[in-house]
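Notes follow once the structure below has been shown.
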Amino acid sequence: MTFSGTTLSPDQPGYDEARRLFNGMIDRRPSRILRCGSTADVAAAVADCRALGEPFSVLGAGHGVTGSALIDGAVCIDLRGLDRVEVDPAAAAARVGGGATWGLVDAATQELGLAVTGGRVPSTGVGGLALGSGSGWLERKLGFTCDNLLSAEVVTASGDIVTASESENADLFWAIRGGGGNFGIVTEFVLKLHPIGPVVLGGMLLYPGFMAADVTRNWRDFILTAPDEAGGGVALITAPPEDFVPEPARGQPCVGVIVVYAGDPEKGREVMAPVIEFGPPAVDLVQPMPYVAVQRLLEPPNPPGMRNYWSGDFLAELPDEAVDAWVGSAFPPASPMTQMILVAGGGAVARVEEGATAFGNRDAPFNLHHLSMWPPDPSLDQANIEKTRSVAAAMKPWTTGSVYLNFIGDEGLHRVASAFAPDTYARLRAIKKQWDPDNVFRFNQNIPPAD
Ligand SMILES: Cc1cc2nc3c(=O)[nH]c(=O)nc-3n(C[C@H](O)[C@H](O)[C@H](O)COP(=O)(O)OP(=O)(O)OC[C@H]3O[C@@H](n4cnc5c(N)ncnc54)[C@H](O)[C@@H]3O)c2cc1C
């Protein structure tokens, strides 16, 4: 196979734009960027790098906060040209290119009133998100993205093209449902689709910061016994300087409740009344709205290039004192762009048998995402990083000890290992040894091959 994509070297126009990632803290210069347009290009790129002994990274849509998509001096295999989304309504399935974004998937599937659990921001890549399992607003109803993966086309470490499914290369199929980009480059995902919307009940309620603990407790009590259709979360944020926010609240710490009901909107109002009717919010944006609009509720309004530092943890429980610790440590935020997000487990996620996919943590009732974001000024780094760490430290007593890898930065091999049950991790390492014994796919949340 020969590479027939485009090669960008550091001295060529477009190189700097092509190496820009979501996280503005990452400023890395790959030796060259191989812009692939087909599976054959990806296979040729891998084979060429192997033959030349050159290390390479894999770029999906560049949303990974660690910046593993780009490495100084290494080749970057850029998948953004593989962004086709083909929906087969009869089969209720979508073929999705390995470099597509969730915005493309949602647009194509929602035209037919179909959807699959996907990223909460349209510009996020399907690749990195789905391989890390894929958490989204529909997860309590439909499971994670990886729970809806029917098959995948994978370019292996040796540059071969294989299919992974329940019936073909089943071990590989198991591993890529939560094990990240460790086992090969996925050039196509085939995802199961479900009827959703296209209009659902969605939106956000904003309350002043002093109500944050009460609002969180109320949401917790509701979501723990809520039906699968009820989703959403709680976010400790700063009220944006928008017209729809009352003057005195603008720029102030506030708590946002994201409401999503993946069913009939009227029924949703009834079911979610305990959340929607909890005290008078400063802003009430909850209404029947297209699911694609729900998918934009957390979209950062800022241009790309903001600096990011993230961490997260699964929680074993969320008693009142944990809520107080969360709110007390998060407020006041170090940056008005920061979003401390709490989402709930349960529903379809929890009904998948533990061990059925590489992703575990099926019984964790809550997932905390400490998402710090600030303007492109390095002098602000320390305060924001310290703030993130102090929130994580404050919540430690209630964590399971496990972590959702899509939500964290580079926190070391032990944190990657902690994302999996010990026997799952051992199995992942054995499968890694089989498919990538030289660990050529190592610029990721890495799972080293078994010794
Ligand atoms: C604004 C924002 C919102 C987010 N929201 C969510 C959310 O709702 N739910 C959630 O679960 N996560 C979320 N994330 C985290 C997201 O899942 C990860 O950042 C993920 O890595 C993004 O995928 P990407 O392809 O854009 O990443 P990239 O930075 O391009 O890639 C990161 C790594 O993923 C691997 N990779 C990517 N594509 C492939 C592929 N096709 N084959 C093999 N390996 C590949 C590679 O190892 C690569 O180094 C969000 C991130 C951002 C920035």
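Worth a mention:
- For peptides 15-26, 199-210, 345-356, sequence by mean Cβ density within 10 Å, most packed first: 199-210, 15-26, 345-356
- Segment Leu112-Asp324, length gained on full extension (0.36 nm per residue, minus Cα span): 72.0 nm
- Nitroxide proxy distance, nm - points 7 Å out along Cα→Cβ at Gln12 and Glu317: 5.8
- Within the chain, antiparallel bridges make up roughly 90 percent of the DSSP beta bridges whose residues both belong there.
- Residues of the stretch 199-407: accessible area per residue with a 1.4 Å probe, Å²: 40
- Full extension of the chain between Asp243 and Ser31 yields a length gain of 71.7 nm, computed as 0.36 nm times the residue separation minus the alpha carbon distance.
- Rg to Rh quotient for the stretch 85-196, alpha carbon positions, Kirkwood Rh: 0.94
- Per residue solvent-accessible surface (Å²) - the stretch 6-78, probe of 1.4 Å: 40
- Cα-centred dipole magnitude for the stretch 6-78, charges only on beta-carbon of K, R (+1) and D, E (-1), debye, nearest 20: 100
- Of all aspartates and glutamates in the structure, those lying under 15 Å Cα to Cα from Lys433, and not within fewer than 8 positions of it along the same chain, are Asp171, Asp451.
- Accessible area per residue in Å² at 1.4 Å probe, computed on the stretch 85-196: 28
- Only helical runs count toward this figure. For the chain, summing -39,500 (n - 2.57) over DSSP H runs of n ≥ 4 and dividing by all residues gives -7000 deg cm²/dmol at 222 nm.
- Lysines with Cα under 18 Å of Lys396, excluding same-chain neighbours fewer than 8 positions away: Lys387
- Net charge dipole, the stretch 85-196: roughly 420 debye, given to the nearest 20, about the Cα centre with Cβ charges of +1 for Lys and Arg and -1 for Asp and Glu.
- Among 332-341, 418-427, the peptide with the highest mean count of other Cβ atoms within 10 Å heads the list, and the full ranking is 332-341, 418-427.
- Förster radius 45 Å - calculated FRET efficiency between Asp88 and Asp221, Cβ distance, rounded to 0.05: 0.60
- Set of lysines with alpha-carbon distance to Lys141 below 27 Å, sequence-local pairs under 8 removed: Lys192, Lys267
- Here the accessible area of the stretch 391-451 is 58 percent carbon and sulfur, with a 1.4 angstrom probe and all protein chains present.
- Net dipole in debye of the chain [+1 Lys, Arg Cβ; -1 Asp, Glu Cβ; about Cα centre; nearest 20]: 520
- Measuring nothing but protein heavy atoms, the accessible surface of the stretch 1-120 at 1.4 Å probe radius is 49 percent carbon and sulfur.
- In degrees, nearest ten, helix 320-330 long axis to first principal axis of the chain (Cα): 70
The values are calculated or read from the model by the stated rules, or taken from the named source; none is laboratory data. Since this is a predicted model, take the numbers as computed values, not measurements. Ideal geometry is used to build each Cβ from the backbone, glycine not excepted, and the neighbour counts take in all protein chains shown. Please note that ligands, DNA and RNA were not included when accessible areas were found on the heavy atoms of the full protein model with its side chains. Shrake-Rupley method; radii C 1.70, N 1.55, O 1.52, S 1.80 Å.
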